[in-house]
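Following: one structure in structure tokens, then a few remarks.
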Amino acid sequence: MPVDTKNTALPQIVSETEWMDARDKLLVKEKELTRALDALAAERRRLPMVRIGKNYMFEGPGGPARLLELFDGRRQLMVYHFMMAPGASQGCTGCSSFVDNIGHLAHLNARDTTFILVSPAPLSQIQPFKDRMGWNIPWFSSNGNEFNNDMGAGDGFGLSVFLRDGDEVFRTYFTASRGVDRIRADFNLLDLTPFGRQETWEDSPEGWPQTQPYIWWRLHDDYR
């Protein structure tokens, strides 16, 4: 559902010199933020970790699999807790748009990292929706176990990170809500545009096009 931007206010028109001056001032703040994010990532790499003691079992295209097997032989595992409950007719729209933003997994794999999706829905429910969306990201069912609850995702979404040391698995990181939002390519790209994400929570100039959050989200094959 695109926002009507035809009759909206526009940014101030200035000379090339004035634009460059304003851009350079903003660039100073952008570089400060980049350095702050680098420092935060360094602190994140130094977080302690907790051993996973439960023997969680999942169902995947290849059959039953333990958490250890979800690493697919790599040292690091990223799990996106995808909101799809047993009996749901389709996956969560927000989670679906997040997955649409995931690029080719070869680049993560090259750094010894596996990325997968996990949902409480049974695999028989997951597979038809995955086929409809055209995704090739490995997607596993946690139906019947407490994995989502134990990892803090509950009935919602989130991103968990694990590290494998031999046959032992450790949890190193978890984020949800805006923490997941921050790593979406589409939102980051929209943040670079004059109109931004066009949602009412944003601090935008008077007259900018905006709608309530979430209501404009669609499955990618439902946009008209």
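The values are calculated or read from the model by the stated rules, or taken from the named source; none is laboratory data. This one's a predicted model, so the numbers in the text were calculated from it and none came from an experiment. Cβ: placed from backbone, ideal geometry, glycine included. Neighbour counts: every protein chain shown.
Return yes when I137 is part of a loop (DSSP other than H, G, I, E, B) and surrounded by 11 or more Cβ atoms within 10 Å (Cβ to Cβ) and no when it is not.
For I137, the condition - part of a loop (DSSP other than H, G, I, E, B) and surrounded by 11 or more Cβ atoms within 10 Å (Cβ to Cβ) - is met.
For E202, are the conditions met, namely being of a type in the set (D, E, K, R) and within 20 Å of L68 (Cβ to Cβ)?
Considered against the rule, which asks whether it is of a type in the set (D, E, K, R) and within 20 Å of L68 (Cβ to Cβ), E202 comes out as no.
Residue check: is R35 of a type outside the set (A, V, I, L, M, F, W, C) and either under 30 Å from I137 (Cβ atoms) or touching a strand residue (DSSP E or B) at 6+ places or on another chain (Cβ under 8 Å) (or both)?
no
Please identify the pairs in which a residue from segment 173-184 that is at pLDDT below 95 has its Cβ atom under 9 Å from the Cβ atom of a residue that is crowded, with 16+ Cβ neighbours inside 10 Å and among the hydroxyl-bearing types (S, T, Y), counting only partners at least 6 apart or on another chain.
Within 9 Å, the pairs are V180/Y80; R182/T175; I183/T175; R184/S97.
Could you check segment 140-166 and list, in sequence order, the residues that are part of a helix (DSSP H, G or I) and not polar (S, T, N, Q)?
F147, D150
Considering only residues that are modelled with pLDDT of 95 or more and touching a helix residue (DSSP H, G or I) at 6+ places or on another chain (Cβ under 8 Å), look in segment 102-125 and name the one that is nearest to N143 (Cα to Cα).
Across segment 102-125, the extreme among qualifying residues is P120.
Sort out which residues of segment 199-216 are within 23 Å of the chain's Cα centre (by Cα), touching a residue at least 12 places away in the same chain (Cβ under 8 Å) and surrounded by fewer than 16 Cβ atoms within 10 Å (Cβ to Cβ), and write them in order of number.
Those that are within 23 Å of the chain's Cα centre (by Cα), touching a residue at least 12 places away in the same chain (Cβ under 8 Å) and surrounded by fewer than 16 Cβ atoms within 10 Å (Cβ to Cβ): T200, W201, T211, Q212, P213, Y214, I215, W216.
So which pairs qualify, if the first residue must be in segment 46-63 and within 20 Å of G152 (Cβ to Cβ), the second must be among the polar types (S, T, N, Q) and part of a strand (DSSP E or B), the Cβ gap must be under 9 Å, and the two must be at least 6 apart or on different chains?
So the pair list comes out as L47/T172; P48/T172; M49/T172; V50/T172; F58/S141.
With the requirement that a residue be surrounded by 10 or more Cβ atoms within 10 Å (Cβ to Cβ), within 30 Å of Q127 (Cβ to Cβ) and of a type in the set (G, A, S), what does segment 17-62 give you?
Within segment 17-62, G60 is the sole residue that qualifies.
Results for (1) within 20 Å of G62 (Cβ to Cβ); (2) not basic (K, R), shown as yes or no for each residue.
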position	(1), (2)
I116	yes, yes
P120	yes, yes
Q127	yes, yes
R132	no, no
I137	yes, yes
S142	yes, yes
F162	yes, yes
F174	no, yes
R182	no, no
